[in-house]
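Peer 1: Supplied in structure tokens, the structure appears directly below.
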Amino acid sequence: MSYSTYLLKGQKALVTGASSGIGESIARSMAASGAQVAVNYHSEIQEAEKVVDDIKAASGKAFAIQANVANEDDVKSMFSQVLKEFGTIDILVSNAGIQKDSAFVDMTLDHWNAVIGVNLTGQFLCAREAAKEFLRRGVQPDVSCAAGKIICMSSVHEVIPWAGHVNYAASKGGINMMMRSIAQELAPHKIRVNAIAPGAIKTPINKSAWDTPEAEAKLLQLIPAKRVGDVEDIAKAAVWLACDESDYVNGTTLFVDGGMTLYPGFRENG
Ligand code: BGC
């Protein structure tokens, strides 16, 4: 896949959860589109370093940065390091997310708090720090017509209820109202806040749902496009939402799901 290096030329991006899966692909794609990229990871240091090395080998600029996005001190220190390294920030991709699944009555408070902590509170903490810098700096017309862009990683489960994953679905439903409320508040300052809602994408988080032919056939019943998505499907959407081509798009969720939210079970029923 090729990207135009002009799309994000001169912009500085932070991608959380960028050592694997969707975040990794977004970090690589933003670098290929001309951005300097801070590659956040929680514990996979070697994987994050590999992403950084590959970006540098392709003449890009990147560095790896550890932080648990659910921890306020970690997030504040991550942002001060990004500002020290890059001078400012133009794009935040709040991607880090986890699942801790169980039947509802067996769900522990620890598992509830862990998922809400990373998936929702983590996005709040990162968005708040990014917004402070966007407001301080304002628009730099030679870089972007926006003062900053925030992309929240949501999920089709912001609208599709998900038995056995109540904490996860609640976190993604929360992202929808958080994202739109921040967008409403910050739009007058030329800050754009949007979300991407991926469907089933081949990543480590849902490996058991696609890594055998039987599992994949079952999963495909939910996807009108009849293919499980690739991380690049999401990365392309993220680059577009981050660049000036989408300047008039604010407070929206872009579903990239092969039609999963078309509820294919209703095609011949209901
Ligand atoms: C989840 C995946 C799941 C997909 C579709 C995503 O948000 O993280 O585990 O396969 O939604 O259900």
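Here, each number is a calculation from the coordinates, and none is a lab measurement. Since the structure is predicted, the reported quantities are computational estimates derived from the model, not experimental observations. Note: ideal-geometry Cβ built from the backbone for every residue, glycine included; neighbour counts use all protein chains shown.
Peer 1: Say each of D54 and D106 gets a label point 7 Å from the Cα, pointing the same way as Cα to Cβ; how far apart are those two points in nm?
Peer 2: Those two pseudo-labels are separated by 3.6 nm.
Peer 1: Using the alpha-carbon centroid of each, what span in Å lies between the stretch 76-154 and the stretch 174-191?
Peer 2: Distance between centres, Cα-based: 13 Å.
Peer 1: Can you give the angle from 0 to 90° between the axis of helix 21-32 and the longest principal axis of the chain, with both taken from C-alpha atoms, to the nearest 10?
Peer 2: It is inclined by approximately 30 degrees.
Peer 1: Set the Förster radius R0 to 45 Å, insert the Cβ-Cβ distance between Y263 and R128 as r into 1/(1 + (r/R0)^6), and round the FRET efficiency to 0.05.
Peer 2: Working: r = 35 Å, r/R0 = 0.77.
With a Förster radius of 45 Å, E is 0.80.
Peer 1: Any idea how far apart V159 and Y6 come out in nm if each label point goes 7 Å out from Cα toward Cβ?
Peer 2: 3.5
Peer 1: For a quick check: sort I116, I22 by the number of other beta carbons within 10 angstrom, fewest at the front. Mind dumping the intermediate values first?
Peer 2: Values: I116 17, I22 29.
Final ranking by Cβ density, sparse to dense: I116, I22.
Peer 1: Fewest Cβ neighbours within 10 Å first, please rank V93, V159, V105, V82 accordingly.
Peer 2: Fewest-to-most Cβ neighbours within 10 Å comes out as V105, V159, V82, V93.
Peer 1: Could you state the number of Å between the C-alpha centres of the stretch 10-26 and the stretch 194-210?
Peer 2: 15
Peer 1: What 222 nm value per residue comes from the helices of the chain, counting each DSSP H run with n ≥ 4 as -39,500 (n - 2.57) and dividing by all residues, nearest 500 deg cm²/dmol? List each step's numbers first, then the result.
Peer 2: Numbers: 8 runs with 105 residues, N = 270.
Per the formula, -12500 deg cm²/dmol.
Peer 1: How far, in degrees from 0 to 90, does helix 166-186 lean away from the longest principal axis of the Cα atoms of the chain, to the nearest 10?
Peer 2: The helix 166-186 is inclined about 40 degrees to the chain.
Peer 1: Which order results if H42, H157 are arranged by neighbouring Cβ count within 10 Å, fewest first? Let's see the in-between values first.
Peer 2: Details: H42 19, H157 22.
If I rank by nearby Cβ atoms, fewest first, I get H42, H157.
Peer 1: Could you compute the FRET efficiency for E185 and T88, with r as their C-beta to C-beta distance and R0 at 30 Å, rounded to 0.05?
Peer 2: Details: r = 21 Å, r/R0 = 0.69.
According to the calculation, E is roughly 0.90.
Peer 1: Looking at S80, V52, T121, which one has the Cα that reaches farthest to the positive end of the dipole of the stretch 12-258 (charges on Cβ: Lys, Arg +1; Asp, Glu -1)?
Peer 2: Result: S80, furthest along the dipole toward the positive end.
Peer 1: Could you check the simple spin-label distance between K218 and S80, using points 7 Å along Cα→Cβ, in nm with one decimal?
Peer 2: Result: 4.9 nm between the two label points.
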